[in-house]
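Student: Before anything else, here's the structure in question.
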Amino acid sequence: MKKVNVLQLIASICLLVGNVINLLNICLEIPFAVYVSTGPLFIISVILFSIVLVQKMKLKKSQQNDDNN
């Protein structure tokens, strides 16, 4: 797998786990310590998605430069 794909996979898994914990908190009463862990999961997923976006933009820009030359 490419490095970008692995980062995107990890970010998606973090986002999924955070959403599942939020849904469990709505349906069931889960411990506060578990519910608090959703914040860092969402922050990690946003950071990883932004890294993936920047890498894809750089790759696209370099490909356009190669096509022009």
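Student: Could you state the orientation-averaged shadow area of the convex hull built on the Cα atoms of the chain, in nm² to one decimal?
Tutor: About 5.4 nm², averaged over all directions.
Student: Something else about it: Report the FRET efficiency, 1/(1 + (r/R0)^6), for Lys2 and Glu29, where r is their Cβ-Cβ distance and R0 is 30 Å, rounded to 0.05.
Tutor: With a Förster radius of 30 Å, E is 0.15.
Student: Estimate the FRET efficiency between Ile10 and Lys58 by the formula 1/(1 + (r/R0)^6), using the beta-carbon distance for r and 25 Å for R0, to the nearest 0.05.
Tutor: E(calc), rounded to 0.05, equals 0.80.
Bear in mind these aren't lab numbers, they're just calculated from the coordinates by the rules spelled out. Every value quoted in this text rests on a predicted model; they were computed, and no experiment measured them. Every residue, glycine as well, gets a Cβ built from its backbone with ideal geometry; the counts of neighbours run over all protein chains shown.
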